[in-house]
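Structure first, then comments.
The values are calculated or read from the model by the stated rules, or taken from the named source; none is laboratory data. Source: prediction; values computed, not measured. All Cβ positions, even for glycine, are placed from backbone atoms using ideal geometry, and neighbour counts span all protein chains on display.
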Amino acid sequence: MDSRNGSKHISRIRILSLGNPGVGKSCLIKRYCENRFVSKYIPTVGIDYGSTTVDVDGRKISVHFFDTSGSPLFEEVRSEFYRDMQGILLTYDVTDRSSFIALDAWLAELRHNLGVANEWNLAVVVCGTRTDTGGTGGRQVSEADGRSWAEKHSFSHVLTSAALGNGITQAFHTLFVQALQMKDGVRQPGAAAGAVDPDVVQAIHRLIHAIDDFDKLGINRRSISRDEVNKAYRRLAALVHPDKCKAPGAEEAFKALTQARNNLLKIMTETTV
C-alpha cells in the first residue's frame, strides 16, 4: 500500500469463521472478498488466511480473515486464534438442522476459550447460509428460529446466499461495524453500555457451570431453608434476569437459576411430608 494514502490511520480487525463442516463459511468469505461463488466443496484444512481493505462508513479498514475448519480434529488449532479476534462469523446451513443445533456447541467452544467476560467484547454475527437452495429435504431452519437463537445471545442475524450474493454485504458490514465498535470501546447494539459488572460475570459462570443446585445458589446444604433458597434466588435474579441483563449467557443462567430453586424447594417439600 502507498504510504501516501495514510496507512498508519487504517484500523485493523481480525475475523474468525465458525460453524460445522460444509455450511459454507469459505464460500461466504470468497463471495465477499472476490465477488465469486465456488460451487465445488473443498474442505478447509486447519485455518485458511486472507485479507482485504474495505471502506466502512468512510473509514478504511484492513480486515484479516481466519477461515477455520469445522472438524473436531482441528479444535486445538482453532483454540490458538480466539483471543486475537475482534469478530466472529458464526455460520449454519438453513437446509441442515443439525448445523443449526450445533450453534450451541460452537458458542460453548468460544466461551471455553475466551470466558464470558471476554465474549462480551467480541462482535458476533450469525449467518444462515444456502437460502437459495431447498435441497431434497427442503428448508429445515426457519428465519424465526435463527433470529430467535441469535437474539437470545444478543447477536445479529443475517440470512445469506453465496450463490446469489444475497445478504453478503449486509452480513459483513454488520460484523465490521460491530467489530470496530468493540475495538473503539463502544458496545454492540442491544448491549448495555459500560463494562460488565464482575458480579454478573461470576454469577452467570457459576449458574451455568456449577456441579449442583446448592453450588448454583451459593447456599450451605447443611443449613438449607425455604427462606434461604428464595433469598439466594432473588439476589441472583437481580443480577442475571434477561429483561435487565444483556450479558452473554444471562438467559441460560436465569433458566438454570429458576430450575435450581424449584429443585431445592421440591426436595424440602418432599422431606417434610
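In table form, for the structure just shown:
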{"read-out": "Subset of region 245-273 (residues that are under 18 Å from Arg206 (Cβ atoms) and either assigned by TED's automatic domain parsing to the domain that holds Ser156 or not in a helix (DSSP H, G or I) (or both))", "value": "Cys245, Ala247, Pro248, Gly249"}
{"read-out": "Meets criteria (crowded, with 16+ Cβ neighbours inside 10 Å, free of Cβ contacts under 8 Å to residues at least 60 places away in the same chain, over 18 Å from His153 (Cβ atoms) and out of contact with any strand residue (DSSP E or B) (no Cβ under 8 Å at 6 or more places or on another chain)) for Lys231", "value": "no"}
{"read-out": "Wholly enclosed helices (runs of 4 or more DSSP H) of region 1-115 bearing at least 2 residues modelled with pLDDT of 85 or more", "value": "25-34, 97-101, 103-114"}
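Here's the yes/no breakdown for (1) over 24 Å from Pro242 (Cα atoms); (2) crowded, with 20+ Cβ neighbours inside 10 Å; (3) basic (Lys, Arg):
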{"site": "Val124", "(1), (2), (3)": "no, yes, no"}
{"site": "Gln140", "(1), (2), (3)": "yes, no, no"}
{"site": "Lys152", "(1), (2), (3)": "no, no, yes"}
{"site": "Val158", "(1), (2), (3)": "no, yes, no"}
{"site": "Thr169", "(1), (2), (3)": "yes, no, no"}
{"site": "Gln178", "(1), (2), (3)": "no, yes, no"}
